[in-house]
1. With the requirement that a residue be within 17 Å of VAL145 (Cα to Cα) and either crowded, with 16+ Cβ neighbours inside 10 Å or touching a Phe, Trp or Tyr at 6+ places or on another chain (Cβ under 9 Å) (or both), what does region 164-187 give you?
2. When you scan region 190-198, do you find a residue that is under 30 Å from TRP72 (Cβ atoms) and aliphatic (A, V, I, L, M), even just one?
3. Report the residue count in region 154-166 for those that are of a type outside the set (Gly, Ala, Ser) and not in a helix (DSSP H, G or I).
4. Please verify whether region 217-227 includes one or more residues that are under 21 Å from the mean Cα position of the chain (by Cα), hydroxyl-bearing (Ser, Thr, Tyr) and within 23 Å of PHE91 (Cβ to Cβ).
5. Go through the residues of region 142-156 one by one and say whether even a single one is of a type outside the set (S, T, N, Q), under 19 Å from the mean Cα position of the chain (by Cα), within 21 Å of HIS101 (Cβ to Cβ) and at pLDDT below 95.
6. Report yes if ALA169 is outside the structural domain of GLU19 (by TED's automatic domain parsing), outside any helix (DSSP H, G or I) and out of contact with any strand residue (DSSP E or B) (no Cβ under 8 Å at 6 or more places or on another chain), otherwise no.
7. Restricting attention to region 112-153, report how many residues are polar (S, T, N, Q) and assigned to a helix (DSSP H, G or I).
8. Select from region 139-191 the residues that are free of Cβ contacts under 8 Å to residues at least 40 places away in the same chain and among the polar types (S, T, N, Q) and write down the one among them that is farthest from VAL222 (Cα to Cα).
Amino acid sequence: MPRVATGESSLSRAVRVLEAFTAEEPALSVSEVARRSGLHVATASRIVGQLVEHGLLGRAPDRTVHVGMRMWELASRAAPTRSLRDAAMPFLEDLHAVVGHHAQLAVLDGDEVIFLERLSARDAVVNYSRIAGRLPLHISSSGMVLMAYGPPELVDRVLARPLESRTPATITTPDQLRAALEQVRRQGYALLTGHVHPDAAGIAVPVRNALGEVVAALSVIVPHDARAVSAVPALLAGARGIGRSLG
């Protein structure tokens, strides 16, 4: 495979180009792709052109580029998440009908939580998560569940960096985080009120496979009020149903 003078492969540079796109900014100019990927504009332009030819990127009339249909097609075949999402969908739909706001399925990816599916309503409370979007583990109820039942080194890695704050309620110290994780293990669910947005509360429970391993988190985002915790029984029932479907 051709390599640049630095020894970086063409594939590695193509990955850097693809990683320039985010859920918040799905369309970029070639110059912005070059800036974010750290590539020369000419190099970025050439790689973008090749990715467009293969359908992995698309080009809009205004010359901005975006993730292409071919990329979506390939990503939708991802075996590690497809079976989990398929098993969860009937229970996610039931949960959404009960809460009337947002119902979500998320998994751990590295040191972040990534959302596989989200069902929402038109007048639902504000929610910053989105399908294929990521959040820091400590600010998300799903992330707190995945941390609480994950390996100890995961918590150590999270605490090795400053804990980002989104609101005054966000957990920002190691002592707060460890106490909150212990509470999740003790009560079997995570309830974070106002940690991402003052008006919203996130509640999440673990989803276990047949071996009892936590493979995902099932969550809802509802208004931040005294009724938020009432969603816990529906969440637990949904998580049990998904676990049974996983076999």
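1. Scanning region 164-187 gives THR170, ILE171, LEU177, ALA180, LEU181, VAL184, ARG185.
2. yes
3. So the count comes out to 5.
4. Filtering region 217-227 for residues under 21 Å from the mean Cα position of the chain (by Cα) gives 217-223.
Imposing the further condition that a residue be hydroxyl-bearing (Ser, Thr, Tyr) reduces the set to 219.
Checking the rest, the ones that are also within 23 Å of PHE91 (Cβ to Cβ) come to 219.
Yes: one or more hits.
5. No, region 142-156 has no match at all.
6. no
7. The total comes to 2.
8. THR173
The values are calculated or read from the model by the stated rules, or taken from the named source; none is laboratory data. All values reported here derive from a predicted model rather than from experimental measurement. Every residue, glycine as well, gets a Cβ built from its backbone with ideal geometry; the counts of neighbours run over all protein chains shown.
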